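I have placed the structure first, in the form of C-alpha cells, so that the comments after it can refer back to it.
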Amino acid sequence: MQEQDSRATAYTTLALGPEFRHEIEIKRSRFITVLRRADNEDTARDLVAALRREFHDARHHCSAFVLGPDRGIQRSNDDGEPSGTAASPCWRPSSKGKRRRV
C-alpha cells in the first residue's frame with residue numbers, strides 16, 4: 001500500500017527533534033530506552049545498529065519499532081531473551097489505543 005493510500009485518519013508519532021533516553025537499574029541490570037523518530041525501516045535499523053555499537057558491552061540489545069500510519073511495519077528482536085518477553089512489550093503500548101497525531 002502506498003503512503004497516500006493509508007486508511008488512517010489520525011495516528012501517533014514521535015515529534016521531530018532530539019531523541020528521548022531513559023535508564024533504570026533493576027537488580028544490577030541496566031535497562032536503557034531510546035526513542036527516536038524514524039521515517040522508514042532502514043533508518044530504524046540504522047538506529048539499532050548505532051546503539052549496538054554505543055553499548056557494545058551489553059549482553060542483550062532488545063529492539064522494537066512500528067512504522068507507518070497503519071502500523072504496517074512492526075519489528076521486534078528479543079536478542080537471546082526468551083521469545084516474546086523483551087522486545088514485544090517494548091512496542092506494545094505504542095501499538096494499542098487510539099491513533100492520533102502528536
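From the set of residues in the stretch 59-71 that are surrounded by 13 or more Cβ atoms within 10 Å (Cβ to Cβ) and part of a loop (DSSP other than H, G, I, E, B), which is nearest to the chain's Cα centre (by Cα)?
Result: Cys62.
Identify all residues within the stretch 13-58 that are of a type in the set (D, E, K, R), over 16 Å from Asn77 (Cα atoms) and not in a loop (DSSP other than H, G, I, E, B); write none if there are none.
Within the stretch 13-58, Arg21, Glu23, Glu25, Arg30, Arg53, Glu54 meet the criteria.
Filtering the stretch 56-102 down to residues that are within 15 Å of Arg45 (Cβ to Cβ) and among the charged types (D, E, K, R), which residue is modelled with the highest pLDDT?
The qualifying residue modelled with the highest pLDDT is Arg75.
Hey, can you tell me all the residues within the stretch 7-17 that are at pLDDT 65 or above and closer than 16 Å to Asp39 by Cβ?
Tyr11, Thr12, Thr13, Leu14, Ala15, Leu16, Gly17, listed by residue number.
The values are calculated or read from the model by the stated rules, or taken from the named source; none is laboratory data. Note that this is a predicted model, so its numbers are computed, not measured. Using ideal geometry, Cβ is built from the backbone for each residue, glycine included, and neighbour counts are taken over all protein chains shown.
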